[in-house]
1. Among 323, 49, 173, pick out the residue whose Cα is farthest towards the positive end of the charge dipole of the chain, where Lys and Arg carry +1 and Asp and Glu carry -1 on C-beta, about the Cα centre.
2. Taking every alpha carbon pair in the chain, what does the distance histogram look like in 10 angstrom bins from 0, in percent?
3. Taking the alpha-carbon centroid of each part, what is the distance from region 262-323 to region 115-147 in angstrom?
4. Roughly how many debye, to the nearest 20, is the charge dipole of region 66-350 about its Cα centre, given +1 on each Lys and Arg Cβ, -1 on each Asp and Glu Cβ, and no other charges?
5. Quick query: amide H of residue 60 versus all other amide H atoms, modeled in the peptide plane; which residues come in under 5 Å with a sequence gap of 5 or more or a different chain?
6. Pop out the ³J(HN,Hα) list for region 205-210 in order, Karplus 6.51 cos²θ - 1.76 cosθ + 1.60 with θ = phi - 60°, rounded to Hz; leave Gly and Pro as x.
7. Given 0.36 nm per residue, what is the gain on full extension from residue 106 to residue 285 after removing their alpha carbon distance, in nm?
8. With both bridge residues required to lie in region 66-350, what share of the DSSP beta bridges run antiparallel, to the nearest 5%?
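Here, each number is a calculation from the coordinates, and none is a lab measurement. Predicted model, so just to flag it, every value in this text is computed and none were measured. For neighbour counting, all protein chains shown are included, and Cβ atoms are generated from backbone atoms with ideal geometry for every residue, glycine included.
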Amino acid sequence: MKDLYRLLPEEMESLVIELGQPRYRADQILYSLYYKFPEKISEIKQLPAKFRDALSDEGFTIGSTKEIQRIKSKDGETTKLLLNLRDETPIESVLMQYPSKKLFGHPRSTICVSTQVGCAMGCVFCATGQMGFERNMKAEEIVGQVIHFAKILLEKGQHITNIVFMGMGEPLANYSETIRAVKLLTHPRGFGIGQRNITISTIGIISGIDKLAEENLQIGLAISLHAPNDKLRNWLVPTAGSSSVKDLINAGKRFFLKTGRRVTFEYALIEGINDSPEIATDLASLLKDNGSHVNLIPLNPTTSDFSRPRRRNVLEFERILYNSGVNCTVRVEKGTEISAACGQLRTDVMGKSNNKRKKIKK
Ligand code: SF4
């Protein structure tokens, strides 16, 4: 089966021409895919019936995600979905809504997408990391998560304003499919969201960061640091390997110099592990004067043994960074009560021990 959502506009044009149709058929298909969200080729009514049949005969299909669970936070601002991919592999996606004026001055609807089923990076505090790695997701499966939420929002007269690649998996370990998804989502004849409204978050694959800087994209980059020294970081991120904290900071600088896009360093604050004033001071001396931004993320409680720090420790950590001249914010907590950290819902539903192989049938 070949998913029409995989094709970039130029590829869609080649396809319709190959099938003996005029070029404008490509735009009819693209318009339908990204504005009408059909579930079957037979629903693209602008196309002649014969051409719809020809597409199906060629093995093309549409979309691949089926919703198996939807949970909403009490305030209604966070929605988490467990979606089945075509092969019945469950994955997670999250919608976080920020009403106007509350935070940014205008309403935002941010989708957090997954790029892999499970993750090989094995971060000790992360539910996805504890699942192990199952497979890379295809670009159309990444785009499918966005389309699924776009359809939900359309029914309420709303639309997606931002997309973050921060769900299950390490996007830069699935590089080519991640970049294809970004191109499909930002192409003016595709989903059409602005490049600046997309952020890719990486645990720190340096070769991937350097490659990304060369893509000529205006997307944002977030690097998950989590520790100011190699010993602590290598424990929290066991696959960090030979990449040192300094190497990561330098990769962030190179990305900024090449793209002009500010880099955010993400820092999951974990009680008693990396939240002390001494560690904050070390982090501040590493990052001051380099113009980057630190996003402090009090850990969402997961099935692991790690805990969220006390509020006063978070504020003290922030104060130390701020007083040292490091630009930083504490992430607004969204959906804590609905297992919003990546991999938590799948783990809650499937059980930790069954997480690796079990599929969910609707
Ligand atoms: S934090 Fe990200 S990179 Fe680390 S295991 Fe979880 S999903 Fe993978």
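1. Farthest towards the positive end: 49.
2. Percent of pairs per bin, in order: 5, 24, 32, 24, 10, 3, 1.
3. 25 Å
4. Values: 35 positive and 29 negative charges, 179 e Å.
Result for region 66-350 is approximately 860 debye, rounded to the nearest 20.
5. The answer is 2.
6. 7, 5, 4, x, 5, 5
7. Values: separation 179, 0.36 × 179 = 64.44 nm, distance 3.45 nm.
The residue 106-residue 285 span can extend by a further 61.0 nm.
8. Here the antiparallel bridges make up roughly 45 percent for region 66-350.
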